[in-house]
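Trainee: Structure incoming, see below.
Since every read-out is calculated from the coordinates, none of them should be taken as a lab result. From a predicted model like this one, the values you see are computed outputs, not experimental measurements. Quick reminder, even Gly has a Cβ in these numbers, built from the backbone with ideal geometry, and neighbours come from all protein chains shown.
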Amino acid sequence: MSASLHRTLWKGIIASFLVISGVAAVITLWPKPPFVIGVVNHAGVNSPVLEGFESGLREQGFVSGRDVIYVYDGPTDSVDLVLQQARKYMQMNANMLLALSTPAALAAKEAAQQTQTPVLFAPSGTPVASGLVASLDHPNGYVSGVMFGVQEGKRLEWFVRIVPGAHTLLYPYNPADKSPTTLLKVVRAAADMLKVKIVPVSTPNVEALRLALRNIAPEITGIFVSADALVASHMDMIVAEADAKSLPVSAPHRGGVLDGALMAYGFSLYDVGRQAARLAAQVIGGTSPAELPVQTAAFKLTINIRVARRLGVLIPHDILRQAQLVGG
């Protein structure tokens, strides 16, 4: 091979290398498109979940607008509209659906079924019984998230210990939501052991809830608010009617106590969002929800001291020492 040809070949190789390197550099420097998260929600009470979720993802290094984009139209205020909302986000090519209740999660699962787009629920009270996942340890499919629900019997026990006279309790719930419907069995089982009567009343919408609260029977001695996002979204209405009748209220989460309920043994919606964000970070990184066991929300006893004083409820010191106190 002549020296001239040898030099020509080397020039070609070097030029090709520079071109390939340049392309690789462009590919490396070109930013990845943001990860699109569609938020499916039917009740305003769940808004703190999204706040906690966004905060949790920021701590994981995912900046809104740069790394992730949230698509959210706000709560639908109706279980019947969440499927429509979820399908809309799928048409917008969402990379993941974040569902803020059991009805929202079921709608998201259905909307994402064809593409197997990841779905995270935060929270759901009955993910297995509702058909969201096959099991808690091995969700399978494309759905996982954060659950609650196992605390409802314990919440009733705390309520009765704090208010021994609460022997007949109103249980308003939305029959279209599988969580409170399924958890009613848990509450009734605990009530039987505690010699307490549970009086369920179907409240599928705000008007039905308002009517039920205005017509509370004289034998009712307290209100046990179901773990139902739609019902819990109207805690102000529940507390107002309960105050007018001097009835103690048990809420399913801490936010309800801040709104005027006497007590709660449940989770923080904000903390649930942060917990879900840790799962989402793994999904964004490429992990399938099928490989992410369902997480359980942390439960805490919360008591509103101001409400206790107003109702004349004397709470034993051993209970106060175990509780988070608000309204003092």
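Trainee: Gaussian network model of the chain, Cα springs within a sub-10 Å range: biggest mean-square fluctuation belongs to which of Lys300, Lys245, Lys178?
Mentor: Lys245
Trainee: In nm, give the distance between the simple-model label positions of Glu51 and His167, each being 7 Å from the Cα along the Cα-to-Cβ direction.
Mentor: Here the answer is 4.1 nm between the modelled labels.
Trainee: How long is the gain from Thr115 to Ala298 if the chain were fully straight, where each residue apart is worth 0.36 nm and the alpha carbon distance is subtracted? Display every interim value, and only then the final one.
Mentor: On the way: separation 183, 0.36 × 183 = 65.88 nm, distance 3.23 nm.
Answer, rounded to one decimal: 62.6 nm.
Trainee: Could you work out the pair-distance distribution P(r) of segment 235-298 from its alpha-carbon pairs, with 10 angstrom bin width and percents rounded to whole numbers?
Mentor: Per 10 Å bin, starting at zero, the Cα-Cα P(r) for segment 235-298 comes out as 21, 33, 21, 17, 8, 1 percent.
Trainee: Once R0 is set to 30 Å, what does the formula 1/(1 + (r/R0)^6) return for the Cβ-Cβ distance between Glu207 and Asp243, expressed as a FRET efficiency to the nearest 0.05? Before the final figure, lay out each step's value.
Mentor: Details: r = 21 Å, r/R0 = 0.69.
Computed FRET efficiency for Glu207 and Asp243 comes out at 0.90.
Trainee: Further question: By per-residue mean of other Cβ atoms within 10 Å, what is the highest-first order of 302-308, 168-174, 252-258?
Mentor: 252-258, 168-174, 302-308
Trainee: How high is the relative contact order of segment 278-328, in percent, with contacts defined as C-alpha pairs under 8 Å that are six or more residues apart?
Mentor: Working: 29 pairs, mean separation 20.0, N = 51.
Value for segment 278-328: 39 percent.
Trainee: Figure the gain on full extension for Arg214 and Met92 (residue separation times 0.36 nm, minus the Cα-Cα span) and round it to one decimal in nm.
Mentor: 39.6 nm
Trainee: Can I ask one more? Report the extension gain between Ile305 and Ala134 in nm, rounded to one decimal, defined as 0.36 nm multiplied by the number of residues separating them, less their alpha carbon distance.
Mentor: Numbers: separation 171, 0.36 × 171 = 61.56 nm, distance 4.16 nm.
Value of the extension gain: 57.4 nm.
Trainee: Considering every Cα-Cα pair within the chain, what fraction, in whole percent, is farther apart than 39 Å? Provide the component values of the computation, followed by the final result.
Mentor: Numbers: 13154 of 53628 pairs.
Counting every Cα pair in the chain, those more than 39 Å apart make up 25 percent.
Trainee: For Ser135, Ser47, what's the fewest-to-most ordering of other Cβ within 10 Å of each Cβ? Please report the intermediate quantities before stating the final value.
Mentor: Values: Ser135 11, Ser47 18.
By the 10 Å Cβ count, ascending, the order reads Ser135, Ser47.
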